[in-house]
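The values are calculated or read from the model by the stated rules, or taken from the named source; none is laboratory data. Computed from a predicted structure; not experimentally measured. Because the Cβ atoms are built from the backbone with ideal geometry, glycine has one as well, and the counts that use them run over all protein chains shown. The accessibility values were calculated without ligands, DNA or RNA, using every heavy atom of the protein model including side chains. Shrake-Rupley method; radii C 1.70, N 1.55, O 1.52, S 1.80 Å.
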Amino acid sequence: MAMLAPALLGLLSVLVAAYARWRLLPGSVLTAAVIVTAGVASGAGWLATALPLLLLALVAVPLNGLSWRRRYLSAPLLAIFQKVTPKLSDTEQIALDAGTVGFEGELFSGKPDWRKLLAQPKPALSVEEQAFLDGPVEKLCAMTNDWQITHELADLPGEVWDFIKKEKFFGMIIPKKYGGLEFSALAQSAVLQKLMGVSGSLSSTVGVPNSLGPGELLLHYGTQEQRDYYLPRLADGHEIPCFALTGPYAGSDATSIPDYGVVCKGEWNGANVIGVRLTFDKRYITLAPIATLFGLAFRMYDPEHILGDKEDIGITLALIPHDTPGLEYGRRHFPLNAAFQNGPVRGKEIFVPLSQLIGGEKMAGQGWRMLIECLSIGRGITLPSNAAGGVKAGAIATGAYARLRKQFGIAIGRFEGIEEALARIGGHAYAISALSRASAAAVDRGEKPAVPSAIAKYHATERGREVAKDIMDVHGGKAVQLGPGNYAGRAWQTSPIAVTVEGANIMTRSLMIFGQGAIRCHPYVLREMESLKLADYREKLKAFDAALWGHVGFAVSNAVRSLVLGLSFAKIGRVPGDAYTRRYYRKLNRYAAALALVADTSMLVLGGKLKFKEKISARLGDVLSNLYIASAMLKRYEDQGRPVNDQPLLAWAFHDAVYRMQDALDGVLRNFPLRPVAWLLRALVFPFGRREVPPSDRLGRRVAAILCAPGEARDRLAEWVYLTPNANNPVGRMNALLPEVIAAEPVERKFLKAVKAGELLGYDYDAQLADAVTKGVLSQAESELLARVRKASFEFISVDDFDPSELAAGKQHQRKLLRPAA
Ligand SMILES: Cc1cc2nc3c(=O)[nH]c(=O)nc-3n(C[C@H](O)[C@H](O)[C@H](O)COP(=O)(O)OP(=O)(O)OC[C@H]3O[C@@H](n4cnc5c(N)ncnc54)[C@H](O)[C@@H]3O)c2cc1C
């Protein structure tokens, strides 16, 4: 055994160096010292010491000798790399250039520096933003009746439109100097969340002008003249904007728009000027039917070379005023009974001058870059906030309903089947709100979080849809029967809208999250690709060499870390957090290393083909996404002062995320095309097999209990949920009743026991209640409490019914229904 000591301890030293990511030279020196010391101390003899030393020298000397390494290893590899590296398309390059890398880069590194996450400032609203939430937002919520909007008017009522404009809801992203509110991303998110809890049609209407569209595009790329003119008009609702990109032939593949504009001379405001003659057919455009300012994406051509040599100038963005001759708009689509304005807009040979191009002539052809840059921000705010707002309001409502709705003599929230659904609702609500908060905070730190935005958009809306389904099931028929008292049905009905817009979810998951994350967040891949662009060969080789060997060390380290953390059940390593969360950070360390290892191997083995292996790419994206979501939850827990009462929510959502990561990694390995590589990876990633389990039933019970009773954790979950108990807000009223419902429970148990025992006279509730007082089963106060709660609860277990004429859509149909043809 002593003979093997130098080799074994040398190997251990290599593993420690790889695990801890020591640099090559100190790692090699230390390993040599360990081998020699072990040889001397164990008396292993010179051969047993020299052999491992020789082996070490064979690897370490060439790698540490910089000029030798560059010449004999890196140069030939560079030649191969240049040949096999797929060239990025312009679209891909633009997408890659559009964003910055934040904490997601740490997750991709396989060894996240948690101090960076926890050092990020705690997101908070300013006094002014909080006042807006407490003032105009509360007022707008109180004015809003979603049934009136979605069924009776198929539009927001006039006074709601006026209020939105007057209070500058459309100007949240516009700076104060242009008359806007200049809110932080967090404040926009808070406003949208609150509105969403009341009406999806309302929050979409407010969200769109504050997201990708004329306002944001002008802010970033507009000429001074355009900003000075349009931004104040957009801020106070003088102009209603929309942005038209999608058409019948170009949905997900938006770069293929057939809409075009030809450079020519034409007349504008009585003058003869150079401009573009536009022909386009767009659909699904939000706010288009009532818009006054149309942002338009089209491909610009200059066949007569009026502007220069180029004929195909590329995708360009223009602003078209609604009164431009030839513009056709006003008809509406009907998106799943949501009533926000949405419809087609068309034009044939419409002339606008070059001054109507966003950013003027110099930005012609830059449209795609402009859109992608703005999307890297907006995608992380509007839709994730809407999803968070809907899910949180749904969680609060469903918890209260499950407590007051009784079947088989007990609150339905006590049945294990309902508990399971409530646990998913609570857990996802915690996760989605942490995710939405994290992506808004990234924007407020000045990042352009392209990858987190895609993660937030996909996972918030996807889980929003899952939760909407659970909310429906817990409510049963109450949520099925639409009407003013149904606060759940429309949210479920319209949940696919958020899934479809701003990059439909299947494509976002399959192509974008990992596709962009792999290159952008990887510490070496982009550097390797960038090195190829260098013109000077010496510089190119130098840059490539540094990136390549860094990459090799990175890969070795991730393999070692993945195995060691797997073998130790992720129980080792210094991490932040408290006694409750330290194991969570360690678990994320393990899966970050596993992701980095499997992602690297996939890129190495599949190369450019990985782009088309969407199922592999999607699953790797799932691992990255769940790492990001879990980190966002840990940050939220720290920011909120490590609240003990939130621990069941955090734990449920965390175990769910880890289980999803395990599933996704397992899916990659089971379907990995090169089987021997998959076997090796499996040994490194799952040395003891799949050991993660979904959140336990006991944990689920604790989450369900949080939703069903007032408490600190529930209140925190209800942040930015509109709960004022007024006439338009059944959720607020039901929530206000919850303490009395709970207080009545022991009294009701006494009462029901007496009823079941046949002790009380009478056949109906009121008679039995009166007799319970007479017989001393209940006190007068107890009987009044029961009667009060029963009466108040009736409203929430009731559903609406209608005269048939009230349900007929449109006046024509109503007439037909009322007066059948003679
Ligand atoms: C209510 C509503 C409002 C909208 N508002 C606007 C607006 O204001 N302005 C605007 O310009 N557009 C708007 N849109 C358009 C929206 O952005 C598109 O619907 C979306 O981009 C998807 O295009 P599509 O519906 O044509 O689906 P398709 O492109 O036909 O996609 C169908 C399916 O194929 C999947 N898919 C496509 N390509 C791939 C791929 N490579 N890999 C895997 N899956 C893929 C998609 O994920 C989707 O599931 C709106 C749409 C709706 C429904």
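Brief remarks follow.
- Neighbour-limited loop hits for trypsin sites (Lys or Arg not before Pro), segment 497-548 (at most 15 other Cβ within 10 Å; DSSP other than H, G, I, E, B): LYS533
- Over all distinct Cα-Cα pairs of segment 1-45, the Kirkwood formula returns a hydrodynamic radius of 10.4 Å.
- 3J(HN,Hα) along segment 21-29, derived from phi through the Karplus expression 6.51 cos²θ - 1.76 cosθ + 1.60 where θ = phi - 60°, amounts to 6, 6, 5, 4, 5, x, x, 5, 4 Hz, with x in place of Gly and Pro.
- Relative to the 2.2 N^0.38 Å rule of thumb, segment 643-696 has a C-alpha radius of gyration ratio of 1.44.
- Translational diffusion of segment 429-471, µm² s⁻¹ [Kirkwood Rh, Cα pairs; Stokes-Einstein; 10 °C; 1.306 mPa s]: 148 µm²/s
- For HIS333, the residues whose modelled amide H falls within less than 5 Å of its own, excluding neighbours fewer than 5 places apart on the same chain, are ASN342, GLY343.
- Average silhouette area of segment 48-125, convex hull of alpha-carbon atoms, in square nanometres: 10.5 nm²
- Inter-centroid distance (Cα atoms) of segment 160-200 relative to segment 456-482, Å: 26 Å
- Tail weight of P(r) past 24 Å, computed on alpha-carbon pairs of segment 603-723, percent: 43 percent
- Local electrostatic count at GLU692 - Lys and Arg +1, Asp and Glu -1, tallied over other residues with Cβ under 12 Å: +2
- Note that segment 308-317 has calculated 3J(HN,Hα) couplings of x, 6, 6, 8, 8, 7, x, 5, 9, 10 Hz, one per residue in order, obtained from phi through the Karplus relation 6.51 cos²θ - 1.76 cosθ + 1.60 (θ = phi - 60°); glycine and proline are x.
- TRP549 sits with roughly 50 Å² accessible to a 1.4 Å probe, with DNA, RNA and ligands left out of the calculation.
- Quarter of Cα convex hull surface for the chain, i.e. mean projection, nm²: 46.2 nm²
- Counting only DSSP H runs of at least 4 residues, each contributing -39500 (n - 2.57), and dividing by the residue count of the chain, the helix-based mean residue ellipticity at 222 nm comes to -18500 deg cm²/dmol.
- In the complete set of protein chains, residue-level accessible area for LEU752 is approximately 60 Å², probe 1.4 angstrom.
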